[in-house]
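Written below as structure tokens is the structure these notes are about.
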Amino acid sequence: ELKVEQNPLFLSMQEGKNYTIYCNYSTTSDRLYWYRQDPGKSLESLFVLLSNGAVKQEGRLMASLDTKARLSTLHITAAVHDLSATYFCAVDMWAGNQFYFGTGTSLTVIP
Amino acid sequence: NAGVTQTPKFRVLKTGQSMTLLCAQDMNHEYMYWYRQDPGMGLRLIHYSVGEGTTAKGEVPDGYNVSRLKKQNFLLGLESAAPSQTSVYFCASSIGRNTEAFFGQGTRLTVV
């Protein structure tokens, strides 16, 4: 069974600061997804990373994937309050048809 | 553009009661999924379907059944609800393998 770990679980940061969220997974996979969830809301797709070395950026968020290290990072640059949310990474197995989610990182950006 | 729609959005059940959650997608996606979300545990896959008429078990299938009679609909049934099934349930769909999933708004279920 594939295990997906995120850290930190909770992150409180000041506006304007940079930080990185880490997503580690236990089994070979070259497909990783990042989602955002606002309180009481559904999950919104942020990034789809489909190969080793993939890097994608959208606004103040940048995601990368290192399949050899089984690690993805979500980097936040110059955080703003609107980025406050819970961020999930999800991995699917080569031969499987299902996504395995991390436990999520709850991000609070303080003015 | 509706995307993925779940019905109902909220429900309270008594222990032992049954109910069906409906998920409908209008994107002609082949794959559909049911997840439950519990505090501190992320999302866990209950059942999924890779096409009309097919279903498969996920990580936590016990106590649930599903059906995919039509491509656009994926039903999740609870035959005899238990307090441990109190959770937020999300339906999702994707075009196929290795593609991102699109999620519904969730159903908050409380079993008392």
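The values are calculated or read from the model by the stated rules, or taken from the named source; none is laboratory data. Bear in mind that the values here come from a model prediction, so they are computed numbers and not experimental data. Note that each Cβ is placed from the backbone with ideal geometry, even for glycine, and that neighbours are counted across all protein chains shown. Please note that ligands, DNA and RNA were not included when accessible areas were found on the heavy atoms of the full protein model with its side chains. Shrake-Rupley method; radii C 1.70, N 1.55, O 1.52, S 1.80 Å.
Brief remarks follow.
- Of all residues in the range B:9-40, those satisfying the criterion of being of a type in the set (Gly, Ala, Ser) and without any contact (Cβ under 8 Å) to a residue 60 or more places away in the chain are B:Ala24, B:Gly40.
- Residues within the range A:1-22 that are within 14 Å of chain B (Cβ to nearest Cβ), of a type in the set (D, E, K, R) and exposed (fewer than 13 other Cβ atoms within 10 Å of the Cβ), tallied: 2
- As a summary of the residue check, A:Thr103 satisfies the conditions (1) within 12 Å of the chain's Cα centre (by Cα); (2) in a strand (DSSP E or B); (3) of a type outside the set (Asp, Glu) except for the one numbered (2).
- Any hit, the range A:79-89, residues being in a loop (DSSP other than H, G, I, E, B) and either within 14 Å of another protein chain (Cβ to nearest Cβ) or open to solvent by 80 Å² or more (accessible area, probe 1.4 Å) (or both): no
- Those strands (runs of 3 or more DSSP E) lying entirely in the range B:5-77 with at least 2 residues over 12 Å from B:Ala92 (Cα atoms) and open to solvent by 70 Å² or more (accessible area, probe 1.4 Å): B:10-13
- Contacts under 8 angstrom Cβ, first residue in the range B:41-58 being more than 7 Å from every other protein chain (Cβ to nearest Cβ), partner among the acidic types (Asp, Glu), 6 or more apart: B:Arg44/B:Asp38; B:Arg44/B:Glu59; B:Ile46/B:Glu59; B:Gly51/B:Glu30
- For the range B:81-104, filtered to residues that are surrounded by fewer than 15 Cβ atoms within 10 Å (Cβ to Cβ) and in contact with a Ser or Thr (Cβ under 8 Å, 6 or more places away or on another chain), the residue that is nearest to B:Asp62 (Cα to Cα) is B:Ala82.
- Residue in the range B:88-97 that is within 13 Å of chain A (Cβ to nearest Cβ), assigned to a loop (DSSP other than H, G, I, E, B) and of a type outside the set (D, E, K, R) present: yes
- Test for A:Leu74: is it touching a Lys or Arg at 6+ places or on another chain (Cβ under 9 Å), assigned to a strand (DSSP E or B), touching a residue at least 24 places away in the same chain (Cβ under 8 Å) and not acidic (Asp, Glu): no
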